[in-house]
1. With a ≥ b ≥ c the root eigenvalues of the C-alpha gyration tensor of segment 25-174, is it rounded (a/c under 1.5), prolate (a/b larger than b/c) or oblate?
2. Mind checking the full-extension length gain between TRP239 and ARG102? Use 0.36 nm per residue of separation minus the Cα-Cα distance, one decimal, nm.
3. Starting from the Cα gyration tensor of segment 102-176, take the square roots of the eigenvalues, sort them a ≥ b ≥ c, and report rounded, prolate or oblate (rounded when a/c is under 1.5, otherwise prolate if a/b is larger than b/c, else oblate).
4. Which of the residue pairs LYS61/LYS178; LYS3/LYS61; LYS2/LYS272; LYS61/LYS345; LYS178/LYS273; LYS272/LYS368 have a Cα-Cα distance greater than 32 Å in the structure shown?
5. Starting from 0.36 nm per residue, how many nanometres of slack lie between ALA15 and ASN427 once their C-alpha separation is accounted for?
6. Given a Förster distance of 41 angstrom, what is the FRET efficiency for CYS37 paired with ILE374, based on the Cβ-Cβ distance and rounded to 0.05?
7. How would you order 39-51, 218-230 from highest to lowest mean count of nearby Cβ atoms within 10 Å?
8. Skipping prolines and chain starts, which residues have an amide H placed within reach, meaning under 5 Å, of the one on TYR405, given they are 5 or more residues away or on another chain?
Amino acid sequence: MKKPYLRAFGGKEAATYPISEVRYRSDDGRTLEVDNCLTPLAAKQASALRALFDKRLMSRKPLDKSGVWRYREFLPAFKPFDAVVTMEEGNTTIFDMPQCARFCGMTSLLAKHQGLNPTGSFKDNGMTTAVTMAKKLGATMVACASTGNTSASMAAYAARAGMMSVVFIPDGQIAYGKLSQSLDYGALTIQIEGDFDKAMEIVEDLCNRGTIYLLNSINPFRIEGQKTIMIEMLHQLGWKAPDWVIVPGGNLGNSSSFGKAFDEMLRANFIKKAPKIAVIQAQGANPLYNSFISGDRTLKPVHANTRATAIKIGNPVSFDKAWFAVESTGGIVEQVSEEEIAIAKSKVGRDGVGSEPASATTIAGCRKLVEKGIIRKSDNAVCILTGHLLKDPDYTVEFHRDELYLDAQRTTTLSGTQRISTGGNGNKPVKLPADANKIMSFIDKWNSSK
Ligand SMILES: *Cc1c(COP(=O)(O)O)cnc(C)c1O
């Protein structure tokens, strides 16, 4: 059996490197991926492994309780698993979403909520593996550029591992829920002038000088952990693949990891069929969509602009890997407007679930793909809700007060020129006198107007 190694992604004669070599790109600038050298399983072996995964659900061992490490047969690069830094990540709920289904014109619709992770986003699924590798490699300081969730997750896992962490965030463009996390978990938090793409450029430069280990999704060990989101989903669905998995696209690490998960599970004969991957981008941050529509596979960066800050990324690092994910599964790329995102987000809330704005691109995208006849009404689809509602409370309150602006300026009150409409879905707070009779009659009126 061959041991896992690193390989340059794409290209004809891909360069290879040992797992223990600290590097983030090949000499010719390509991203790297882990080749896990998984051996194909006979039907009997596959069903034994499925039974083992079931058995681990009853276990009290930390590795078994984690929704990432439970599936460690697909993570051989981290063997012998003695350095694992885990917070029982994963184990996220798949919700039935009747309001969203109706909104999308579907018979039914499921949502797997990665916002239910320890730090409130799917970044934890990849951070547990990447920080574990950092520990194995002897790193004492880790860093990332982040629109917020990567830094929150990295800061938490670094704290658990006793490492220093340094966070680079775009000046004034980060949601407060996320910023508060990296401060509280003790990361050195550096706001730099410029957007995410600029911050990414600088942190890659710094990490290439040695001493600091880079934990953005260019790090192939993040992608390894995020694969388990799909493994866990299939496990929860009794290994019956849905027709579609719908995921937001920013830096495109998550889309890429889903593609890799299905590719490996198919090659290993562990599953027979993979879902189609639909990547949804915000219209203001849509380089993959542009490429998909034109068929031109060279990345043409855009200047990103969207209130869904988690996907406000114009020069995505995992562009080529995301292309593979979409193409190898027969999937698609779609884009949605700010209003479509905002209204879809309110529908996620009405199912009693809620999410941050970037996650709602999946519901907005699903509706659009149903309208276009690409997703059928009766298809089984799972939307990936990537982050928790409480990550960006400002957005939600501004929406319901009908004060959501693409170019929001906060002086004493909110203002801007590009208002994002609620489409009648706002739920404004009301001010009433402290008088029970008046309040009762207001409630009666409100109730009969529904
Ligand atoms: C990071 C993030 C995304 C984007 O994921 P990529 O892997 O960068 O494409 C989407 N939504 C949320 C909430 C995120 O934190």
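FYI, it's all coordinate maths here, none of it is from the lab. Computed from a prediction, not measured in an experiment: that's the story for all the values here. FYI the Cβ positions are ideal-geometry reconstructions off the backbone, even for glycines, and counts take in every protein chain you see.
1. Values: a/c = 1.63, a/b = 1.10, b/c = 1.49.
Cα axes put segment 25-174 in the oblate bin.
2. Details: separation 137, 0.36 × 137 = 49.32 nm, distance 2.60 nm.
Difference between extended and current length: 46.7 nm.
3. On the way: a/c = 3.52, a/b = 1.81, b/c = 1.94.
Cα axes put segment 102-176 in the oblate bin.
4. Working: LYS61/LYS178 30 Å; LYS3/LYS61 26 Å; LYS2/LYS272 24 Å; LYS61/LYS345 37 Å; LYS178/LYS273 37 Å; LYS272/LYS368 29 Å.
Check vs 32 Å cut-off fails for LYS61/LYS345; LYS178/LYS273.
5. Values: separation 412, 0.36 × 412 = 148.32 nm, distance 5.50 nm.
Roughly 142.8 nm would be gained on extension.
6. 0.70
7. Working: 39-51: 12.5, 218-230: 27.5.
Top to bottom by mean Cβ count within 10 Å: 218-230, 39-51.
8. ILE420
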